[in-house]
1. Being closer than 27 Å to Glu250 by Cβ, more than 9 Å from the ligand (Cβ to nearest atom), in a helix (DSSP H, G or I) and not hydrophobic (A, V, I, L, M, F, W, C) is the filter here, so list the residues in the stretch 199-224 that pass it.
2. Pairs only if they're at least six apart or on different chains, beta carbon under 7 angstrom, first in the stretch 89-117 and in contact (Cβ under 8 Å) with a residue 60 or more places away in the chain, second among the polar types (S, T, N, Q) and within 16 Å of the ligand (Cβ to nearest atom); list them, first residue then second.
3. Quick one: is Ser39 polar (S, T, N, Q) and within 16 Å of the ligand (Cβ to nearest atom)?
4. Just the residues that are assigned to a helix (DSSP H, G or I) and within 14 Å of the ligand (Cβ to nearest atom), please, taken from the stretch 139-175.
5. Could you tell me whether Ser155 is touching a helix residue (DSSP H, G or I) at 6+ places or on another chain (Cβ under 7 Å), small (Gly, Ala, Ser) and buried (at least 18 other Cβ atoms within 10 Å of the Cβ)?
6. Considering only residues that are of a type outside the set (Ser, Thr, Tyr) and more than 14 Å from the ligand (Cβ to nearest atom), look in the stretch 126-137 and name the one that is surrounded by the fewest Cβ atoms within 10 Å (Cβ to Cβ).
7. I need a count of the residues in the stretch 225-271 that are more than 20 Å from Ala50 (Cα to Cα), outside any helix (DSSP H, G or I) and not basic (Lys, Arg).
8. Could you tell me how many of the residues in the stretch 230-247 are more than 13 Å from the chain's Cα centre (by Cα) and within 16 Å of the ligand (Cβ to nearest atom)?
Amino acid sequence: MSVFNKLIVFVLPLVPKFIVYLFAKRYIAGPKLEDALESIKYFNSQNIMATVDILGEEIKQKEDALQVVQQYKEVLAAIEKHKLDSNVSIKPTHLGLKIDKEFCYNNILSIVEEAQKYRNFVRIDMEDHTCTSDTLELYSRIRKELPNVGIVVQSYLRRTISDVDKLAEQKANLRLCKGIYVEPRKVVYRDREIINDNFKYCLEKLLSKGCYVGIATHDEKLIWHALSVIDKLKIDGEKYEFQMLLGVTEELRDILVKDGHRLRVYVPFGEHWHAYSLRRLKENPRVASYIIKHIFFKN
Ligand SMILES: Cc1cc2nc3c(=O)[nH]c(=O)nc-3n(C[C@H](O)[C@H](O)[C@H](O)COP(=O)(O)OP(=O)(O)OC[C@H]3O[C@@H](n4cnc5c(N)ncnc54)[C@H](O)[C@@H]3O)c2cc1C
């Protein structure tokens, strides 16, 4: 990362929220459930599936986590009511993982049970490395009870190569992504080539062992590699999907859909858009640099 980009990453949290919003709004559906529903309706009309995320993480009070459970149930009911093609993505720390693991287990189970009533599906997002073991454990426990739950693995994590073996044995439904958190070197690969090679290695292993994989990347080289593996292994179109974030590489997204691949867009919404947006913007300092210029070089 260049010195200028490093500076941007440092300065971003100091930028007034309303300015961040101006640039972040392409990455979030909006503050309300209705905003997310509008987004999903649009995507469905384009033959694109969705997964809804209620923005927020690292909840400190149990009452707040219980509210999030309730909100997810409302999201699931709205998806059903409007006959939308969308599932939900949840974050364990949003549901109390850092307060009490058992409490979090019950919260996730309750959302998965609600989804099961509608024959819908819940994806458990993967957060930073302090959550990995607990998240995998919660996933395995819930998967033993109900089938409509999936997990995420991150190719930047050194442990993923062995986690993938265990998950493949369980025929897990996975999302494979690179990983988004800033992590210490002892737990993650820093070299982008290794992260990509690990992504390719894990993808081939998961597909060849019959797992359903959500291939979550906007990196065209990895997408090409995925297509080549799908072709080589003759993987049925119902056994995988591509996944992309709202507001990112729309052209590539549309190319894949036009070519007949299943594709799902991650649609985040909610009042707690700030932390999420900062992460997205830090990932792409080119976008963030517009904010800095807007602040310091206003006409
Ligand atoms: C559906 C989905 C769910 C995810 N869930 C998780 C999760 O649970 N846990 C987790 O740690 N990470 C998650 N991620 C994030 C993921 O780990 C990566 O950080 C992110 O997708 C960027 O990596 P990339 O594979 O697209 O490759 P990159 O090499 O980072 O990006 C490839 C290209 O895509 C474009 N691009 C990528 N990101 C942006 C952006 N923010 N703004 C504009 N352009 C961009 C750029 O043109 C870039 O050159 C998820 C990603 C997706 C798509």
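The values are calculated or read from the model by the stated rules, or taken from the named source; none is laboratory data. Because the structure is a prediction, the values reported are computed rather than measured. Positions of Cβ are generated from backbone atoms using ideal geometry, with glycine treated the same way; all protein chains shown enter the neighbour counts.
1. Once the filter is applied, which keeps residues that are closer than 27 Å to Glu250 by Cβ, more than 9 Å from the ligand (Cβ to nearest atom), in a helix (DSSP H, G or I) and not hydrophobic (A, V, I, L, M, F, W, C), the stretch 199-224 yields only Lys200.
2. Final answer for the pair search is Ser89/Thr51.
3. Details: polar (S, T, N, Q): yes; within 16 Å of the ligand (Cβ to nearest atom): yes.
In short, yes.
4. Within the stretch 139-175, the subset assigned to a helix (DSSP H, G or I) is 139-145, 160-169.
Scanning the stretch 139-175 gives Tyr139, Thr160, Asp163.
5. Values: touching a helix residue (DSSP H, G or I) at 6+ places or on another chain (Cβ under 7 Å): yes; small (Gly, Ala, Ser): yes; buried (at least 18 other Cβ atoms within 10 Å of the Cβ): yes.
So Ser155 passes the test.
6. Taking the stretch 126-137 and keeping what is of a type outside the set (Ser, Thr, Tyr), we get 126-129, 131, 134, 136-137.
Narrowing the set further to residues that are more than 14 Å from the ligand (Cβ to nearest atom) leaves 134, 137.
Details: Asp134: 17, Glu137: 12.
Once the filter is applied, the top-ranked residue is Glu137.
7. Taking the stretch 225-271 as the starting set, the residues that turn out to be more than 20 Å from Ala50 (Cα to Cα) are 225-236.
Now restrict to residues that are outside any helix (DSSP H, G or I): 233-236.
Those left that are additionally not basic (Lys, Arg): 233, 235-236.
Qualifying residue count for the region: 3.
8. Residues of the stretch 230-247 that are more than 13 Å from the chain's Cα centre (by Cα), as a first pass: 230-241, 247.
From what's left, within 16 Å of the ligand (Cβ to nearest atom): 240-241, 247.
Count: 3.
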